[in-house]
1. Which residues, taken from region 14-31, are surrounded by 15 or more Cβ atoms within 10 Å (Cβ to Cβ), in contact with a Phe, Trp or Tyr (Cβ under 9 Å, 6 or more places away or on another chain) and assigned to a strand (DSSP E or B)?
2. Within region 120-128, can one find any residue that is touching a residue at least 12 places away in the same chain (Cβ under 8 Å), within 16 Å of ligand 2 (Cβ to nearest atom) and closer than 30 Å to Cys64 by Cβ?
3. I'm trying to understand the selection: among the residues of region 64-91, which are more than 16 Å from ligand 1 (Cβ to nearest atom) and either surrounded by 15 or more Cβ atoms within 10 Å (Cβ to Cβ) or at pLDDT 95 or above (or both)?
4. Would you confirm whether or not region 284-298 contains a residue that is at positive phi and modelled with pLDDT under 95?
5. Do you know which of the residues in region 93-102 that are surrounded by 16 or more Cβ atoms within 10 Å (Cβ to Cβ) and either in contact with a Lys or Arg (Cβ under 8 Å, 6 or more places away or on another chain) or free of Cβ contacts under 8 Å to residues at least 12 places away in the same chain (or both) is farthest from Gln45 (Cα to Cα)?
6. Select, from Leu105, Leu114, the only residue that is on the phi > 0 side of the Ramachandran plot, surrounded by 15 or more Cβ atoms within 10 Å (Cβ to Cβ) and either modelled with pLDDT of 95 or more or among the hydrophobic types (A, V, I, L, M, F, W, C) (or both).
7. Could you go through region 310-317 and let me know if any residue there is closer than 24 Å to Gln45 by Cβ, in the same structural domain as Ala224 (by TED's automatic domain parsing) and modelled with pLDDT of 95 or more.
8. Pick from Ala108, Ala75: which is under 24 Å from Val27 (Cα atoms) and within 14 Å of ligand 2 (Cβ to nearest atom)?
Amino acid sequence: MAPELTGNVYDIQKFSVHDGPGIRTDVFLKGCPLHCLWCHSPESQGFGSDLAYMEMKCVGLAACGLCEKACDRGAISPGTPKLDLKGEKEITCPVIDRDKCDICLKCAEACPSLALYDPKKPMTVEEVMKVVRQDKKYYEKSGGGVTISGGEPMSQFPFTLALTRQCKEEGFHVALDTTGFAPTEKFMEILPYVDLFLYDLKHMDSSRHEKLTGVPNELIHRNAREIVKAGGRLQVRYPMVPKLNADEKNIRATAEFCVEIKDGIDVVQLLPYHKFGATKYDRLGKPYKLPNVEAPSDEFMKEALKLFQDMGLPAMIH
Ligand code: SF4
Ligand code: SF4
């Protein structure tokens, strides 16, 4: 018997109201070919395993210490003692030397409180569907459904295709949250099973796009045009990051591109940059790349919104 198709999932969030219409279940797949400087989900970037550590779940080395014993590379040592979450007693939590760690995950297997864990969870389509089906009545009441996100879900194409097909077969509305960076023929193949593409536009100048994300933008723009030409619907998302892609020239160029593909656009969402993902970098022992960038002001966002709306686009700040 052929092995069952599995995808590497790193999270499933229920009752989401931000990633498409109505109440949704968001399925996040691991791995992305882009490395956006402002990425707020570093656990989604790599295709393989990671060792993550959530200090608030750790009971301390004196009370437990199983991770330190499990690590035969000497990568775990005691950190500086600090007060526990209740502020009642001092505990010493482990510190991971990421240069010594080879992500063997023995410590995560030994950790009883899941303070140490691998975000990657291989799941079959049916395992994901079991979670998706639990909220069927909420999708029906709210006009919601399933959003497949990442990472870049098109990077796990066979799994994503199978999942979208199964969702459609069971009558669920399907949104696909994508960078647009995947072969055009794959978008054409999956298009009949996707009701809405949540589609990012990050910078209109290709060399600047490559500096900010690691890849040029021509393929992304071509795919947006082809999806619209083939009858697909887009919810365009423009993450606006001060100093990087939120200057007037790029705002105007982004709006002009949206006007070009306007017939296929349901809404353009302007997403003001935020730093909510910074703590996730700590969990993985990775440096946060934009410590000195602040969120854009409300006034700035309203001006950008006006520019989009004045060009006849159905835009909103999200
Ligand atoms: S994952 Fe890293 S820290 Fe954990 S046991 Fe393996 S080498 Fe040690
Ligand atoms: S095994 Fe887990 S709970 Fe125990 S000390 Fe290590 S991180 Fe903390």
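1. If we filter region 14-31 for residues that are surrounded by 15 or more Cβ atoms within 10 Å (Cβ to Cβ), which is where we start, we get 16, 19-31.
From what is left, the residues that are in contact with a Phe, Trp or Tyr (Cβ under 9 Å, 6 or more places away or on another chain) are 22-25, 28-31.
The answer is Arg24, Thr25, Phe28, Leu29.
2. no
3. Asp84, Ile91
4. Filtering region 284-298 down to residues at positive phi leaves 285.
Now restrict to residues that are modelled with pLDDT under 95: 285.
Yes; the residues of region 284-298 include at least one that is at positive phi and modelled with pLDDT under 95.
5. Top of the filtered list is Cys93.
6. Just a single option satisfies the conditions, and that option is Leu105.
7. No: region 310-317 contains no residue that is closer than 24 Å to Gln45 by Cβ, in the same structural domain as Ala224 (by TED's automatic domain parsing) and modelled with pLDDT of 95 or more.
8. Values: Ala75 fails: under 24 Å from Val27 (Cα atoms).
None of the others qualify; the one that does is Ala108.
The values are calculated or read from the model by the stated rules, or taken from the named source; none is laboratory data. Only a predicted model underlies this, so the values are computations on that prediction, with no experimental measurement involved. Counting neighbours? That spans all protein chains shown, and the Cβs are built from the backbone with ideal geometry, glycine included.
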